[in-house]
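The values are calculated or read from the model by the stated rules, or taken from the named source; none is laboratory data. In this text the structure is predicted, and so the values were computed from the model without any measurement. Quick reminder, even Gly has a Cβ in these numbers, built from the backbone with ideal geometry, and neighbours come from all protein chains shown.
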Amino acid sequence: MSVQSASTVPVGSGHTDHHGTYKSTRLPDIKLMMWVFLASDIMFFGTLLGTYLVYRGRSLTGPYPTDVLDIPLTTVSTFVLLMSSFVMVLALHALRQNDIGKFRLWTGAVAFFGSIFLGFQVYEFIHFVDMGLTLQGNLFGTTFYVLTGTHGVHVAIGIIWLLSILVHSYIKPWTSKDDVYLEVAGLYWHFVDLVWIVIFTVVYLVEFI
Amino acid sequence: MAIGKLGAPPAVGQSPDTLLTRPTWTEGLLSWLTTVDHKRLGILYIVTSFVFMAAASFEAFLIRLQLAAPGNTLLSPDVYNQMFTMHGVTMVFLAIMPLGIGFANYFVPLQIGARDLAFPRLNAFGYWVYLVGGVFLYTSFFLGDPPDVGWVAYAPLTSLSNNPGLGTDFYMVGLFVGGIGTLVTAMNLIVTIVNMRAPGMSMMRVPVFTWMMLITSFLIIFAFPPLTVALFQVMMDRTFGTLFYVPEAGAMAILWQHLFWIFGHPEVYIIILPAFGVISEVIPTFSRKPLFGYPVIILSGIFIGFMGFAVWTHHMFTTGLGPVVNTAFALTSMVIGIPTGIKVFNWLGTIWGGHVRFTTSMLYAVAFLITFTVGGITGIMLAVPPFTAQAHDTYFVVAHFHFVMGGGALLAFLAGLYYWFPKLTGKLLDERLGKAAFWFAVPGFWVIFFPQHFLGLMGMPRRTQTYVEGIGLELWNMVSTIGTFIMLVGLVLLLINIIHGFVRGKPAGDDPWDARTLEWATSSPPPFYNFARQPVVNDRDALWVQKYPESVHGERVPEEASEPYDRHGAHIPGQSWYPLLVALALLPFSYGWLYDNMWVVGLSMVVVTFGVYAWALEGVGGRHIHFDDRRDPQGADEGEQA
């Protein structure tokens, strides 16, 4: 769309991207796409969490939540995940400042923090199985593992995504112009973090009130 | 450079890290396999959904033959169960819903003056996943047994102990995989409609079909996740022995019903809202009047979208949820009738006082209005819990939802087919043959389904393989079966008309109906770049205002303000193998899950991962074309990164 034509008609608040393609909202398509995806993903987690809550307290055999859940341990891993969101913000800020060294450092740090969280989860799962909580053993096991497992898969995908960005930044040097691609990964990461806050509250903390 | 040569430029924009050569075919099978063009994908969607509709119609035909007479033994009870299950699943998931999405694929970018969807390769992926899911489901006829649990697949009928065959797994895995395609396409449509409207096209100037697709897409992204999770839970139950729907372990089978209908009721609107959109295009065009009450139609659509999530338990009135729940959902179910009624009156108001042309398309639209209203009225009846207590799971319900799905959505889409066929092919369908087909198909439909109201009120249960003689069900069952033959004649004539139209239809011209929206501003069929000039929109009914400015503004607007010349050219996205590759990798994934072979599942996930990386690294690609003159674009290559 040419500039001349824009001046002859009311065009609202639109904006053209680098292809000269007109964008009605000025936002990049990919960013809108991520928001739409996250809106949908809320329903995925909402349904899993709903299933968990509907079946809460209906297990006929143990182990029950209070037998296995370890609040101090999971608090540590939750804190690590929370901090990774903070580091994510630093990574995006560094990229926008065109400070590529720090952008790589912080992006790697987010992936590292995420991996620590996943490590805690793997440890927790093994420990729980040792204590007799299995996928097939009772309803708590079924709903707990599928809910937290789905979240874990989200974290794992986020880690792979961030590491891919890190590697790609060496293959094709990134600049501040590429910030939207990191921002979108960041949106995803913050969302996964947010979901964990809800899971930690509903599944872990509520049991001990 | 001429348009014909443009498709095969000597060198192609290709980033060095591409693993497969970037495809550039413009003709033949390979060009269709690698296409990212929304118009080609739209045609693929429409053709595929008609093929599945033919299969589902055949299943329905067998059902009606079986029920023609009491004590009939044409289909055994097992086969009968498979037939009504596959008929329902196919019609809902593989025929009517993809038909709406197919029209959206083709016409949403054209209506908003865009050159493609926001993510063309993702759009191709959506189609291929739909095809993979559908083909997978239909291979169940050759690999053991098709699903036989009804299209709602209630737990615990679907548990491994109650249903050890592969049929239920086909249902769960097939819909799980197919749903991924629907989800990504809906997300793609939302971004496209929100972000790619032509300059000047504010939301309240967006054509109604596109508006309804926006609402539909939002319904899809919120309604499909609950279904996907529910399917996944049953898959886990059957493959890994989890306890989601095992009552012996304390689980509640009714959870499935809740999750299914939290999806299932919005699904009804996912099917019908695009149909409302089609009707809102057809009726103004053939009444030569602007749509009466455009803002009200849009707001009613949004209201239906919201309320669609607040009525799901009216499918569960007989499950004993208690009087408070039943009353609340009875009220919301009746409230949702209001915006639907408003729309019907708006369409009537559009026809009122117009210069009505009764083309075949308009005939279907009018038939839609009458048939859908009848279905809506029985819907209000079924929203009353005491009535549902009597009519639940009887043929009354069957008649009701066939009136809204078949008489509503399908008739509207047939109106859309006759309306848009000239744009799709550049050729006109034969009006005389079309009207002949109409006068078989629509009365045939009524003869099939109207007597089913009576059967239901007499107490004939749905999903019953046969009935005994002498309880008064013979007459209306026979009438209903005779109706299938009448409708069949209509559908065969429709098919002949479509083939005839393709082969020797009269040239349509760009705008055969003197229509109102932007898809008619370009040639028929549109060139691959859609518009040589970026359309600029000054008003609702953008094309109408361009054609007849004096009828809207009272005076001619200056030429340069209506459609400026596009000096920047257009970016045409490159074709790609990866959407097809990733979608095809979901086929071994599905069979692996079906036969509990996690190695195959894992391996196909490796292929998916490879495909996703190659997809991302390949980038959008494509080329930039310049328009020196309206009909003479110049090709220029352009290598780009994502």
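Numbers at a glance
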| quantity | calculated |
| --- | --- |
| For B:Ile112: the one exception among (1) within 14 Å of chain A (Cβ to nearest Cβ); (2) out of contact with any Lys or Arg (no Cβ under 6 Å at 6 or more places or on another chain) | (2) |
| Contacts under 6 angstrom Cβ, first residue in region A:51-62 being at the interface with chain B (Cβ under 7 Å from one of its Cβ atoms), partner surrounded by 17 or more Cβ atoms within 10 Å (Cβ to Cβ) and acidic (Asp, Glu), 6 or more apart | none |
| Qualifying residue in region B:146-155 (condition: assigned to a loop (DSSP other than H, G, I, E, B), on the phi > 0 side of the Ramachandran plot, surrounded by 20 or more Cβ atoms within 10 Å (Cβ to Cβ) and away from every other protein chain (no Cβ under 14 Å)) | yes |
| Test for B:Arg288: is it touching a His at 6+ places or on another chain (Cβ under 6 Å) and more than 26 Å from B:Tyr154 (Cβ to Cβ) | yes |
| A:Gly152 being crowded, with 17+ Cβ neighbours inside 10 Å and away from chain B (no Cβ under 14 Å) | yes |
| Single match in A:Phe125, A:Phe112, A:Phe208 (criterion: farther than 19 Å from A:Phe37 by Cα, modelled with pLDDT under 95 and away from chain B (no Cβ under 13 Å)) | A:Phe208 |
| Options B:Pro549, B:Pro527, B:Pro535, B:Pro558; residue that is modelled with pLDDT under 95 and crowded, with 20+ Cβ neighbours inside 10 Å | B:Pro535 |
| B:Val173, sole failed condition from (1) out of contact with any Phe, Trp or Tyr (no Cβ under 6 Å at 6 or more places or on another chain); (2) in a helix (DSSP H, G or I); (3) surrounded by 24 or more Cβ atoms within 10 Å (Cβ to Cβ) | (1) |
| Residue check for B:Thr388: part of a helix (DSSP H, G or I) and without any contact (Cβ under 8 Å) to a residue 40 or more places away in the chain | no |
| Options A:Thr47, A:Thr66; residue that is under 28 Å from the mean Cα position of the chain (by Cα), modelled with pLDDT of 95 or more and among the hydroxyl-bearing types (Ser, Thr, Tyr) | A:Thr47 |
| The lone exception for B:Phe176 - which of (1) modelled with pLDDT under 95; (2) more than 8 Å from chain A (Cβ to nearest Cβ) it fails | (1) |
| Filter result for B:Ile262 (at pLDDT 95 or above, within 30 Å of B:Val366 (Cβ to Cβ) and in a helix (DSSP H, G or I)) | no |
| Complete set of residues in region B:338-385 that are in a loop (DSSP other than H, G, I, E, B) and under 24 Å from the mean Cα position of the chain (by Cα) | B:Thr359 |
| Single residue of region A:1-16 satisfying the filter (assigned to a loop (DSSP other than H, G, I, E, B) and at the interface with chain B (Cβ under 7 Å from one of its Cβ atoms)) that is modelled with the highest pLDDT | A:Gly14 |
| Qualifying residues in region B:107-130 (those that are within 18 Å of the chain's Cα centre (by Cα) and aromatic (Phe, Trp, Tyr)) - the one nearest to B:Val282 (Cα to Cα) | B:Phe107 |
| Condition broken by B:Leu62, with the remaining ones in (1) in contact with an Asp or Glu (Cβ under 8 Å, 6 or more places away or on another chain); (2) modelled with pLDDT of 90 or more satisfied | (1) |
| Hits in region A:117-138 (condition: part of a helix (DSSP H, G or I) and surrounded by fewer than 15 Cβ atoms within 10 Å (Cβ to Cβ)) | A:Gly119, A:Val122, A:Tyr123, A:Ile126, A:His127, A:Asp130 |
| Filter result for B:Thr522 (surrounded by fewer than 22 Cβ atoms within 10 Å (Cβ to Cβ) and at pLDDT 85 or above) | yes |
| Restricting region A:17-44 to residues that are part of a loop (DSSP other than H, G, I, E, B) and of a type in the set (Val, Ile, Thr), the residue that is modelled with the highest pLDDT | A:Thr25 |
| Residue count, region B:188-219 (criterion: at the interface with chain A (Cβ under 10 Å from one of its Cβ atoms), in a helix (DSSP H, G or I) and in contact with a Gly (Cβ under 9 Å, 6 or more places away or on another chain)) | 2 |
| Criterion: over 17 Å from the mean Cα position of the chain (by Cα) and away from every other protein chain (no Cβ under 14 Å) - qualifying residue of A:Thr75, A:Thr134 | A:Thr75 |
| Whichever residue in region B:233-262 is among the aromatic types (Phe, Trp, Tyr) and at the interface with chain A (Cβ under 8 Å from one of its Cβ atoms) and, among such residues, is farthest from B:Ala310 (Cα to Cα) | B:Phe240 |
| Unmet requirement for B:Asp169, which otherwise passes all of (1) under 27 Å from B:Gly100 (Cβ atoms); (2) more than 7 Å from chain A (Cβ to nearest Cβ) | (1) |
| Residue that is hydroxyl-bearing (Ser, Thr, Tyr) and farther than 23 Å from B:Ala367 by Cα, where the choices are B:Thr239, B:Thr285, B:Thr210 | B:Thr239 |
| The one condition in (1) without any contact (Cβ under 8 Å) to a residue 24 or more places away in the chain; (2) closer than 26 Å to A:Tyr52 by Cβ that B:Leu183 fails to fulfil | (1) |
| Criterion violated by B:Val479 - all others in (1) assigned to a helix (DSSP H, G or I); (2) loosely packed, with under 15 Cβ neighbours inside 10 Å satisfied | (2) |
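The rows are residues; the columns are (1) in contact (Cβ under 8 Å) with a residue 40 or more places away in the chain; (2) not in a loop (DSSP other than H, G, I, E, B).
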site: B:Phe454; (1), (2): no, yes
site: B:Thr466; (1), (2): yes, no
site: B:Ile471; (1), (2): no, no
site: B:Asn497; (1), (2): yes, yes
site: B:His500; (1), (2): yes, yes
site: B:Asp510; (1), (2): no, no
site: B:Asp514; (1), (2): yes, no
site: B:Ser523; (1), (2): yes, no
